[in-house]
Amino acid sequence: MILAGSISFALRTPTLSIDQVQIKGIHLADKSAITTMAMQAHGQNILLLRKSPIIRKIREINEIKNVKMGRRFPNRVWVRVWERKPDVVITDNSCYCLAQSDGFMFHRTSGPVKGLPIVELGDSERVKAGKKVSSMIAQCALEVFKYARKDGLKLSKISVDPDGDMCLNMGSDFYVKLGQPDDIALKMSLLRNTLAHKPSIVRDGAYIDLSCPKYPVWKPKEVAQAAS
């Protein structure tokens, strides 16, 4: 009887009614939306609180990678979220989205973001937060980025023209013409080896053309300026 009475008291007492929900880790995601979801715990008995439905709803938000939720007796609950980390900004020139290297676009931005390379897709694919790139050209552009990151090559932009030709900007006025999205591994290997053997090409060259891997060519700045 004493045990039953204690349990009944614990389930009914207002002392164990949740009156505070603390949320941490929100930077990009909609704070008001997460707060609304987390506040579903407010007023519930802390012993009876089912955390999994709240966690599941928060995890459905595009920006959220992981969520944890816990109790602080007698009447507090905490929620900690971990947001996705952007690797690139993907754009179709009308919409800009932060994206992971796997192509998942999770947060819309107003434009380029300092410190992140841009993958400029043009009309090859519609950019929208909450979806993953699906076109072949978009996936190839991200593959180029992965090779560049693996080899320690600094890229500020990967752009795709209406014909599907890719061009890289290496963070200065030096460009790399890759051409069609084929033989990417070979082309990036050629680029890596060229920069390793002649690093001054970034300073002295206007561009290097690797669209035909058998016959790579590069044009010095002086020649390019004279031609213009």
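The values are calculated or read from the model by the stated rules, or taken from the named source; none is laboratory data. A quick note: this is a predicted structure, and the numbers were derived from the prediction, not measured. Reconstructed Cβ throughout: ideal geometry from the backbone, glycine too, with neighbour counts over all protein chains shown.
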* Can you spot a residue in the range 182-192 that is part of a strand (DSSP E or B) and surrounded by 14 or more Cβ atoms within 10 Å (Cβ to Cβ)? -> no
* Asked: Name the residues in the range 137-152 that are surrounded by fewer than 14 Cβ atoms within 10 Å (Cβ to Cβ) and either of a type outside the set (Gly, Ala, Ser) or touching a residue at least 60 places away in the same chain (Cβ under 8 Å) (or both), would you?
  -> LYS150
* Any residue in the range 153-176 that is under 17 Å from the mean Cα position of the chain (by Cα), surrounded by 15 or more Cβ atoms within 10 Å (Cβ to Cβ) and in a strand (DSSP E or B)? -> yes
* **Candidate set: the range 20-46, residues that are more than 15 Å from LYS68 (Cβ to Cβ) and part of a strand (DSSP E or B); chosen: the one farthest from the chain's Cα centre (by Cα)** => ASN45
* Structure fact -> Exception for VAL89 within (1) buried (at least 16 other Cβ atoms within 10 Å of the Cβ); (2) part of a loop (DSSP other than H, G, I, E, B) falls at (2)
* Structure fact -> With criteria (1) crowded, with 18+ Cβ neighbours inside 10 Å; (2) modelled with pLDDT of 95 or more, LEU16 comes up short on (2)
* Does LEU49 qualify as being at pLDDT 90 or above, in a loop (DSSP other than H, G, I, E, B) and more than 24 Å from LEU98 (Cα to Cα)? -> yes
* Structure fact -> How many residues of the range 92-145 are in a loop (DSSP other than H, G, I, E, B) and either touching a Leu at 6+ places or on another chain (Cβ under 6 Å) or within 23 Å of ILE64 (Cα to Cα) (or both)? The answer is 22
* To do: Could you tell me which residue of the range 24-75 is nearest to PHE106 (Cα to Cα), considering only residues that are loosely packed, with under 13 Cβ neighbours inside 10 Å and of a type in the set (Ser, Thr, Tyr)?
  => SER32
